[in-house]
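What follows is a short report on a single structure.
Values in this text are rule-based calculations from the coordinates and carry no lab data. All of these numbers come straight from a predicted model, not from anything done at the bench. Cβ sites come from the backbone with ideal geometry, for glycine too, and all protein chains shown count toward neighbours.
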């Protein structure tokens, strides 16, 4: 497993893609709320992604990100943990959320 310093030093490349995402939010001890939407990747490394979302996420929340692939002509699905978030105020009442994520693993392609 990469250390925090290794992740910081890993090469980041611009990766401007629109990605579908799914996430869960616990409502209480026995109820989980599901939501999905369209986010935008800003950059990627081998260990994570800088992701822009239209809804608030919290540190340690797990996000399923569907990443389109030009090479395989199929999308890959990655589970990522939110490491940090930043609120971006776009205008009155409109916010976006920048999230630094680290990949937990990639789900196998159905096929």
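Evaluated at q = 0.17, 0.19, 0.22 Å⁻¹, the base-10 log of the normalised Debye intensity for the chain, with identical point scatterers placed on the Cα atoms, takes the values -0.85, -1.04, -1.31. How high is the FRET efficiency from residue 75 to residue 25, r the C-beta distance, R0 30 Å, rounded to 0.05? Plugging the Cβ-Cβ distance into 1/(1 + (r/R0)^6) gives 0.80.
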